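Engineer: Before I ask anything, let me first share the structure, which is written out below as C-alpha cells.
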Amino acid sequence: QVQLVESGGGLVQAGGSLRLSCAVSGRTFSSSPMGWFRQAPGKEREFVAASPWSGGSTDYADPVKGRFTVSRDNAKNTVYLQLNSLKPEDTAVYYCAAADRTYYSGSYYPYSVDYYDYWGQGTQVTVSS
C-alpha cells in the first residue's frame, strides 16, 4: 500500500521557518510526481508546490514563490517543503500528495488536487503575528 506521512508542522512566529517532511512508502519514489497543498479553515485546498521527479524542475504558487522550496531525498524516500519568511496567511494544514502516473505518462498538471492519487494526513502550520 502507498503511504504518505507528513511531519514537521508547528507554531512559528511571522518571519520564521519550518521544514515539512513527507515520507513515502509502497511505490517508486524518484519518478513519482509529488505535490504540496494547504488548506486553511473554511477554504478550499490550494496548490503550494510540486516536483515532477527527483531532480526535476519545481513549481510554486505565486504567494509562496521565493519563500518556499520543495526538494527530495531519494535515499530516504522523502520529499520536503522548506517554508521561510512565514506569514500569518500561510497558516493552514499542509498536505503532501503523490501521483500514480509518471511525468511522461500523460499531461503533467500538478496544480490540481485531481492530479494526485495518494494523500498524507496533513500537518498543521500555524504562524502567529
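The values are calculated or read from the model by the stated rules, or taken from the named source; none is laboratory data. None of these values were measured; they are calculated from a predicted model. Note that each Cβ is placed from the backbone with ideal geometry, even for glycine, and that neighbours are counted across all protein chains shown. Surface areas here come from the heavy atoms of the whole protein model, side chains and all, with no ligands, DNA or RNA. Shrake-Rupley method; radii C 1.70, N 1.55, O 1.52, S 1.80 Å.
Engineer: Would you confirm, using the coordinates I've provided, whether residue 92 is among the aliphatic types (A, V, I, L, M) and within 22 Å of residue 31 (Cα to Cα)?
Structural biologist: Here the answer is no, as residue 92 does not meet what is asked.
Engineer: Can you name every residue in the range 1-18 that is in a loop (DSSP other than H, G, I, E, B) and over 19 Å from residue 116 (Cα atoms)?
Structural biologist: The answer is 8, 9, 14, 15, 16, 17.
Engineer: Further, regarding this structure: Just to verify a result, which residue in the range 1-18, among those that are among the hydrophobic types (A, V, I, L, M, F, W, C) and over 23 Å from residue 54 (Cα atoms), is surrounded by the most Cβ atoms within 10 Å (Cβ to Cβ)?
Structural biologist: Looking at residues that are among the hydrophobic types (A, V, I, L, M, F, W, C) and over 23 Å from residue 54 (Cα atoms), I get 12.
Engineer: So which residues in the range 7-33 are without any contact (Cβ under 8 Å) to a residue 40 or more places away in the chain and touching a strand residue (DSSP E or B) at 6+ places or on another chain (Cβ under 8 Å)?
Structural biologist: Result: 26, single match.
Engineer: Let me ask another. Checking residue 21 against (1) open to solvent by less than 40 Å² (accessible area, probe 1.4 Å); (2) among the polar types (S, T, N, Q); (3) closer than 19 Å to residue 115 by Cα, only one condition comes out false. Which one?
Structural biologist: Evaluating residue 21 over (1) open to solvent by less than 40 Å² (accessible area, probe 1.4 Å); (2) among the polar types (S, T, N, Q); (3) closer than 19 Å to residue 115 by Cα leaves (3) as the failure.
Engineer: State the number of residues belonging to the range 53-86 that are in contact with a strand residue (DSSP E or B) (Cβ under 6 Å, 6 or more places away or on another chain) and part of a loop (DSSP other than H, G, I, E, B).
Structural biologist: Total meeting the criteria: 5.
Engineer: Given the structure, is residue 88 open to solvent by less than 40 Å² (accessible area, probe 1.4 Å) and over 17 Å from residue 21 (Cα atoms)?
Structural biologist: No: the conditions fail for residue 88.
Engineer: Still on this structure, I have one more. Suppose we keep only residues that are among the charged types (D, E, K, R) and surrounded by 14 or more Cβ atoms within 10 Å (Cβ to Cβ) within the range 96-126. Which one would you say is modelled with the lowest pLDDT?
Structural biologist: Checking each candidate, the answer is 101.
Engineer: Here's a follow-up. So which of 24, 48 ends up being modelled with pLDDT under 95, on the phi < 0 side of the Ramachandran plot and not in a loop (DSSP other than H, G, I, E, B)?
Structural biologist: That would be 24, the only listed residue that is modelled with pLDDT under 95, on the phi < 0 side of the Ramachandran plot and not in a loop (DSSP other than H, G, I, E, B).
Engineer: Run down 99, 92 and say which single residue is under 22 Å from residue 12 (Cβ atoms) and in contact (Cβ under 8 Å) with a residue 24 or more places away in the chain.
Structural biologist: Criteria check complete, one pass: 92.
Engineer: Next up: Spot the failing condition for residue 78; the list is (1) surrounded by 16 or more Cβ atoms within 10 Å (Cβ to Cβ); (2) farther than 17 Å from residue 120 by Cα, and only one is missed.
Structural biologist: (2)
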